[in-house]
Structure formats: C-alpha cells, structure tokens
1. With (1) more than 31 Å from the chain's Cα centre (by Cα); (2) at pLDDT 90 or above as the list, and residue 43 as the residue in question, which single condition is left unmet?
2. If the Cβ limit is 6 Å and pairs must be 6+ apart or interchain, which residue in the stretch 130-141 that is within 13 Å of residue 89 (Cβ to Cβ) pairs with which residue that is assigned to a helix (DSSP H, G or I)?
3. Sort out which residues of the stretch 311-365 are at pLDDT 80 or above, charged (D, E, K, R) and open to solvent by 40 Å² or more (accessible area, probe 1.4 Å), and write them in order of number.
4. All but one of (1) within 25 Å of residue 114 (Cα to Cα); (2) in contact with a helix residue (DSSP H, G or I) (Cβ under 7 Å, 6 or more places away or on another chain); (3) open to solvent by 50 Å² or more (accessible area, probe 1.4 Å); (4) in a helix (DSSP H, G or I) hold for residue 69; state the number of the condition that does not hold.
5. Name the single residue that is most open to solvent (accessible area, probe 1.4 Å) among those in the stretch 175-206 being more than 18 Å from residue 86 (Cβ to Cβ) and in contact with a helix residue (DSSP H, G or I) (Cβ under 7 Å, 6 or more places away or on another chain).
6. Looking at (1) surrounded by fewer than 17 Cβ atoms within 10 Å (Cβ to Cβ); (2) under 27 Å from residue 448 (Cβ atoms); (3) at pLDDT 90 or above, which one does residue 172 not meet, given that it meets all the others?
7. Would you please list the contacts, defined by Cβ atoms under 8 Å and residues six or more apart or on different chains, that run from a residue in the stretch 297-325 that is in contact (Cβ under 8 Å) with a residue 24 or more places away in the chain and on the phi > 0 side of the Ramachandran plot to a residue that is open to solvent by less than 10 Å² (accessible area, probe 1.4 Å) and among the aliphatic types (A, V, I, L, M)?
Amino acid sequence: MSAAPTSDHRHAQELLATAERLFAEHGLEGVSLRQIAVEAGSANNSAVQYHFGSKEALIEAIFAFRLGQLLQRRALLRARLAEDDLRGRLEAHVVPLLELAESPDSSYVSFVEAIERTDSTVLAEQREVLRSQDEFLVDMRRLLHHIPEPARSLRIAQAQVLCLHVAAERERAVRRGGDLVPFGLFVSGVVDGFTGFLAAPASTETVRHAAAQPLQCRPGRAAPTGKQMTDESAEHLRTAAGRGARVLRAHQHNAAPAGHGRYFSAGVIGFVFGEMWRRGVLAPRDRRWITLCCVGAADAAFPIESHVWAALNSGDISWESSTSSSCTSERRWGWPKGSVMNMYGMKAQAKLAEKRGETMQPADFVRWTDPVDDATRAPAAKPATRGVRSAAPERPPSSAATPTSTSSTARSGPRCLPDPARPPDHQHLLLGCRAADAEVRDHLRAALELAELTYDELQALVEHYAVYVGWPLGRHLDDLLVEVAAQLRGRDGDPAESTPIADLGDASPPPC
C-alpha cells in the first residue's frame, strides 16, 4: 500500500501544473518563477527555487512528470502492429498525445507547442523525446519509400508539427469547456487525415523540385555588407554553439568545454553536436555505434572513454552489447585495440554501478566452446553469415596463413555481434571498422538487400563516419556506397517497387 502524498509533494505538484499552464500561455521567457509561485497560491515567492532550484530544472520536471506515461503508451501501441501498417504506426504515435490533451488538468501539449515555437532547442535536451521522434521517423521513412527525398522528410516533419498544433488546439478547447466533437470521431478523423497526407503520391512537380533542390535566397533582401556578414556569422556561431551545448549534455551527460576557441565552439559543439547529432535520419543509438567504431579505430583515448561512458549511462547500449562489440573490435582490429575498448567499457560499467549503489556484475555472454576445426565449425557459420551479409561466403582459401571467409566468419559469428535482435547494429559496427573494400561492399550490399538500412540511412552513416575519421576516408566509403547502389539498381530481377533499393534515388556521386 503506497503512502499518501505529503503536503510538500502536493505543493510541488501544484507548482508543476501551474508552471505548465503559464509556460503554455506565455512561453518560457514570459513567465517568472515568482509569478508561478503566486499563481499556485504559495505564500512563499521562492517556492519554485525551494522545490526545483531553477527554471531549467522546473522544465525538466514537467517533462519527467508527463513523458513516462505517454512514451509507455506509445511503446505498447507500437508493439502490437504489423511492420507495414502505416495508419497504425501513425495512430500509435499520435493517440497518446491526443489522450493527454483530452485531460482537463493538462496543458502539456500547449506547453510543448510553445517551446517548439519559441525555443525548440529545449526539446533537444529531452533524450526520451528525441528517441520517440527518431523511432517514428525511421518507421515513416521506411513506409514512405515511394516519396523522394527531401520531399519525404519535409512531409514527415510537417505532419509532426501539424499533429502537435491540432492536439494543442483540442487541449485549449477542453480547458475552455463547451461543445466539442466526440473524442472518438476527433481521433479517427485526425489519424485518417494525416495518413492520407503522408501516403499521398508525390506529384511530378514535387519530384522535379526534389531532384533539383536549388538553393533559395530570401526575395527582396539586399546583399549584406562585410560588417553585416561578420555580425550574422558571429550570431550563427553563437546560436549553433548554444544549441550544440544542449545536445552534448543530453547525449554525453557532460557540460560543453568552455573557452577553447573556434575548434570546439564552432566545430565540435556547433557542428558535430549542434547539427549532425540532431539530424533524425539515424537514431541516437545508431550514431553511438558508428562513433564508438570510429574513435576505437583511431585510438582516441579521451573520446573512447567519454563516448563509451555516455553510451552505457544513457541506456542506448547495454553492458552485454558493449562487451560483444569489444569482441568484434578484437576480430577487426586485433587484440590490443579490442582490449582498450573492453577496458573502457569495464571502467564505465564500474562507474555506473557505483553511481547506482550496486555491485558491478559480469556481462552475460556466450563463452567459447572447446576448439574445433574449421570444417566442423563452417556449416554452423554459414547461416550466421547469411544473416549478416545476405549470402554465404564462397571464396576459396588463398593460403594457410590467410583464413577463408568461411573460417573467419565461423570464428566471429553471432556471439561477437551486439544485440542479435537488432541487425542494424551489426551493420553500423561492421561498416565503421575500416575493413577491406571487398568486405565493405559485402556489408553495404547486405544492408540494402536485407532492408536493415535504407540508402538515406547509409548516407547519414557516411557523413557521421567522415566527421569522426576524416573526410578522405568518408569520401572513399561514399564512393563504395554509390558503386554498390548503382549495381543493385541495375541488376536484373530486382523489382523496384518491392525492395528498399527503390529508395536509392539518383546513385550518381554529388558534384562536390
């Protein structure tokens, strides 16, 4: 039997509800902490500071109060759906928000709308919000492969914003009272309308514009002077750095370094975290794997330590998956590098256990069996290889010193790959390992043929890879991707309408 809430707890809840409503009505900057305390009927004007400490902490508390139930409801609705159910997946994403908006004591949807309108970078600090949005984006990109980029991403983003505004309008109407369309009719109408909006085929005009993607200038604006350009550039750098600092805290659980010059402020903070990590093509978990691969291959000690800790602390990567990836690192790079990755994983897990007040437990993994010869191991390895590369290895051995593809795969099968339930993790990890070109082509082809990654996701992988290992290596990986994509598009017997290869678009390399 749970204890009754204390008066202190009830007072904090009243402050949360009042803050949510006032932020929804006036925006984050239009409300003071003193005003919240007065509106909540508190005799102490510093009540918010007493309970929450700061406005930022108060905003975090509002998200924490509302998000748990909303995201759990989304997950439960998604779990019962078929993979190709576009309407169902849209409904699973939207209905929990509409249900929350129907509650007379909720201003949460209008609160989020106000943040999105006035300071959307605040949302970048909410890791659970980003994760839910990324899951929806991945689903929609996969199901709307008949729409060319960037029209598809634009349409998905528009649908998300419009759904938010529709829900917020309903929420405000509920709070005002009066006659409303019955909730069931309202929900089904919203889901029907936005399903049609998302699934509508792209017109010839849209396809033409998507292919051209011309740079647009603001009409009627005079050319800026040198002073204006300097001021605008400085303002852009400050904005990007501030946004990047928030994303870095959300993803890395560390504060951004201060006072280290343009390399950190404009490069690491402004671009890497302020721009690249915020792009929704890849989920944060996917970017974790690519980053760990790149910093591990580069022997970058501090980035290895910080990224391994952030991956485990965030829950994006489990302790078991981390140890499995160390095994893969050993197979790809050799024992010394694998040992380094494993060492930092153990340090991070020990730190995490200490933080939680627990005793560090060994990872649960499949132990090596007694040694067996390749001829015995190979038959069991072939199915595992098909699952990763979409085809069994057929290359004959070249010498006793060079293991065959079958032998190599037999020794590094599923036991050395993270989370067998998530095939994309395998491809992100393996494609980032700087393998020989032939093997990279195998994995690129498998990722597309097995529908584990789309062409757009692989392009995002290439971009992320280039940022962490350098543009020349990134360009080389991009060349291999374009080559494989062109081969798959031109191969006989691949019906474009029934395979992710239809999503490739123009496989020609970019002009620059």
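The values are calculated or read from the model by the stated rules, or taken from the named source; none is laboratory data. Keep in mind it's a predicted model, so treat the numbers as computed, not measured. Neighbour counts run over all protein chains shown; Cβ positions are idealised from the backbone, glycine included. Ligands, DNA and RNA are excluded from the accessible area calculation, which covers all protein heavy atoms including side chains. Shrake-Rupley method; radii C 1.70, N 1.55, O 1.52, S 1.80 Å.
1. (2)
2. Note: pairs meeting the criteria are 132/71; 136/93; 139/89; 140/156.
3. Once the filter is applied, which keeps residues that are at pLDDT 80 or above, charged (D, E, K, R) and open to solvent by 40 Å² or more (accessible area, probe 1.4 Å), the stretch 311-365 yields 320, 337, 347, 351, 354, 355, 356, 358.
4. Here residue 69 meets the rest and fails (2).
5. In this case the residue turns out to be 180.
6. (2)
7. Cβ pairs passing all conditions: none.
Listed here are the residues, each with its yes/no results for (1) closer than 13 Å to residue 136 by Cβ; (2) open to solvent by less than 50 Å² (accessible area, probe 1.4 Å); (3) not aliphatic (A, V, I, L, M).
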residue	(1), (2), (3)
48	no, yes, no
52	no, yes, yes
58	no, yes, no
64	no, no, no
79	no, no, no
85	no, no, yes
95	yes, yes, no
101	no, yes, no
